[in-house]
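Just below is one structure, and these are the notes that go with it.
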Amino acid sequence: MKVLLLGSGGREHAIAWKLAQSSQLEELYIAPGNAGTRKHGKNVDLQVNDFEGIKNFVLEAAIEMVVVGPEDPLVNGIVDFFATDPSLISVAVIGPNKYAAQLEGSKDFAKEFLYRHNIPTAKYATFTKETIKEGQAFLATMKAPYVLKADGLAAGKGVLIIDDLKTAQVELEDMLSHSKFGSTKVVIEEFLKGIEMSAFILLDGDGYKILPEAKDYKRIGEGDEGLNTGGMGAVSPVPFAASGFMDKVHNQIIIPTVKGLKADNMDYRGFLFIGLISVKGEPFVIEFNCRMGDPETEVVMPRLKSDLLDLLEGVATQTLSERDVVFDPRTAATVMMVSGGYPEKYEKGKTIYGLNAVEDSIVFHAGTSSDGPAVMSAGGRVLAITSFGKDIEDALEKSYENISRIEFEGAYFRKDIGFDLIN
Ligand code: AMP
Ligand code: GLY
């Protein structure tokens with residue numbers, strides 16, 4: 001099969017790495033890709049939202065399947081674009097259509113879905129510019145801290161957790177009267193206290209398969225302090241999920257979600273990321289994403305023993321139920337090396353040394369570019385160093401050992417990935 005993968009991050013490198021192991025793969029192209037993905041296929045100089053450019057390339061290279069890494073093209077309707085163009089109709093696109101992608105693209109849409117199908121989630125109400133006063137009154141009925149979420153995609157910046165009522169009320173007005181974060185709606189949620197994790201399922205519009213779960217570390221600083229980032233590391237499996245918790249997730253969250261998608265005629269075909277929080281051992285949905293997580297994919301793909309392309313073909317032909325998903329029982333951990341200053345101002349273009357000295361870890365490139373054999377940083381998150389071990393500590397030891405062999409100016413990483421899971 002000839003496959004085009006869209007995206008350029010660590011998630012896409014991990015997917016490319018996994019697809020390249022399939023005996024069914026004929027050719028792999030990655031658009032735009034990075035210095036890591038070029039080892040598994042050909043990088044194509046196309047942006048993920050350039051649907052016309054993608055169409056031309058798909059026709060030219062006789063692509064049979066497009067795998068969409070990030071959410072943007074899905075929320076922008078790439079699946080619908082392909083489905084309504086007669087020349088592209090036979091090309092399978094892995095990802096949900098524009099309507100279903102609102103599960104990530106609109107917090108209000110996701111909350112309505114969760115309520116409609118009785119799936120455990122934080123209590124909420126949604127407000128607009130016309131109902132700022134009601135929103136402020138609603139906040140006064142809630143307990144601190146206050147959770148305010150801009151409705152639309154805001155590159156991870158649209159969620160505010162505020163301790164003080166007055167500040168939250170002022171912020172609500174600010175968010176709505178100026179469409180701060182680009183949204184005309186704000187969802188106010190009850191604050192849930194607990195430990196978070198990510199579940200992943202693959203759906204073919206009919207059946208589904210559960211992929212390995214993971215936990216990511218979003219804050220820049222050790223001890224989960226400081227600014228939010230795209231993700232500083234991840235581990236899989238998640239020890240607290242192992243026992244009964246994942247069964248609860250399956251019965252109380254995954255089954256009603258899959259039924260709800262069908263009942264609402266969403267025809268969901270692709271990856272669904274369910275952001276969960278365990279409140280005293282009970283799972284609640286924090287968010288849906290219409291794609292895989294990053295850096296979770298950098299631990300999920302290595303743990304997936306099954307042929308990914310075979311599973312994706314199952315999605316394309318609605319025969320997923322005929323295929324098996326087998327996990328590697330070992331623990332995988334990944335540690336992200338980022339540019340100095342990230343997630344605030346940082347410099348790119350730093351030459352990366354030592355990649356060839358890595359032993360017993362997989363280096364997934366998150367933000368890199370190349371100049372001949374030289375590899376340079378090209379983003380905030382630069383490399384994800386993934387290792388296997390018998391437990392989290394064992395896996396992390398290998399990742400940290402290899403990080404000490406890799407160098408670029410200003411490199412930073414968290415030394416405490418998995419800290420809350422290790423006793
Ligand atoms: P979201 O984009 O909806 O996943 O929110 C981003 C982050 O904010 C989550 O990963 C949580 O850490 C936190 N968060 C969101 N909603 C809540 C909530 N209702 N209670 C507590 N924390 C939350
Ligand atoms: N790691 C969180 C995300 O991909 O959204």
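Taking the range 74-138 and the helices (runs of 4 or more DSSP H) fully enclosed by it, the elements with 1 or more residues that are more than 16 Å from ligand 2 (Cβ to nearest atom) and surrounded by fewer than 22 Cβ atoms within 10 Å (Cβ to Cβ) are at 78-83, 107-116.
As a summary of the residue check, Asp164 satisfies the conditions (1) more than 16 Å from ligand 2 (Cβ to nearest atom); (2) touching a residue at least 40 places away in the same chain (Cβ under 8 Å); (3) out of contact with any Asp or Glu (no Cβ under 7 Å at 6 or more places or on another chain); (4) under 24 Å from Val279 (Cα atoms) except for the one numbered (2).
Residue pairs whose Cβ atoms lie under 7 Å apart, separated by 6 or more positions or on different chains, with the first residue in the range 401-415 and touching a residue at least 24 places away in the same chain (Cβ under 8 Å) and in a loop (DSSP other than H, G, I, E, B) and the second among the hydroxyl-bearing types (Ser, Thr, Tyr) and surrounded by 15 or more Cβ atoms within 10 Å (Cβ to Cβ), are Phe408/Ser377; Gly410/Ser339; Arg414/Tyr217.
Hey, among Ile417, Ile352, Ile406, Ile385, which residue is closer than 30 Å to Tyr208 by Cα and buried (at least 19 other Cβ atoms within 10 Å of the Cβ)? Of the residues listed, the single one that is closer than 30 Å to Tyr208 by Cα and buried (at least 19 other Cβ atoms within 10 Å of the Cβ) is Ile385. Of the residues examined, Glu173 is one that is outside any loop (DSSP other than H, G, I, E, B) and touching a Gly at 6+ places or on another chain (Cβ under 9 Å).
Results for (1) more than 14 Å from ligand 1 (Cβ to nearest atom); (2) at pLDDT 95 or above, shown as yes or no for each residue.
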position	(1), (2)
Glu71	no, yes
Phe82	yes, yes
Ile89	yes, no
Val93	yes, yes
Ala100	yes, yes
Gly105	no, no
Lys111	no, yes
Pro120	no, yes
Leu176	yes, no
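For the range 250-301, filtering for residues that are under 17 Å from Ala101 (Cα atoms), part of a loop (DSSP other than H, G, I, E, B) and out of contact with any Phe, Trp or Tyr (no Cβ under 8 Å at 6 or more places or on another chain) leaves 3. Within the range 229-253, the set of residues being among the small types (Gly, Ala, Ser) and either within 16 Å of ligand 1 (Cβ to nearest atom) or touching a strand residue (DSSP E or B) at 6+ places or on another chain (Cβ under 7 Å) (or both) comprises Gly230, Gly231, Gly233, Ala234, Ser236, Ala241.
Looking only at residues in the range 178-208 that are basic (Lys, Arg) and at pLDDT below 95, the one that is surrounded by the most Cβ atoms within 10 Å (Cβ to Cβ) is Lys185.
Taking the listed residues Asp360, Asp394, the one that is surrounded by fewer than 16 Cβ atoms within 10 Å (Cβ to Cβ), in a loop (DSSP other than H, G, I, E, B) and touching a residue at least 40 places away in the same chain (Cβ under 8 Å) is Asp360, with no other qualifying. Being within 16 Å of ligand 2 (Cβ to nearest atom), part of a strand (DSSP E or B), β-branched (Val, Ile, Thr) and more than 19 Å from Val235 (Cβ to Cβ): is that true of Val335 here? Spelling it out, it is not the case that Val335 is within 16 Å of ligand 2 (Cβ to nearest atom), part of a strand (DSSP E or B), β-branched (Val, Ile, Thr) and more than 19 Å from Val235 (Cβ to Cβ). Here Glu322, Glu298, Glu344, Glu359 are screened, and the one residue that is of a type in the set (Asp, Glu) and either under 18 Å from Gly233 (Cβ atoms) or within 16 Å of ligand 1 (Cβ to nearest atom) (or both) is Glu298.
The values are calculated or read from the model by the stated rules, or taken from the named source; none is laboratory data. Being a predicted model, the structure only gives us computed values, none of them experimental. Because the Cβ atoms are built from the backbone with ideal geometry, glycine has one as well, and the counts that use them run over all protein chains shown.
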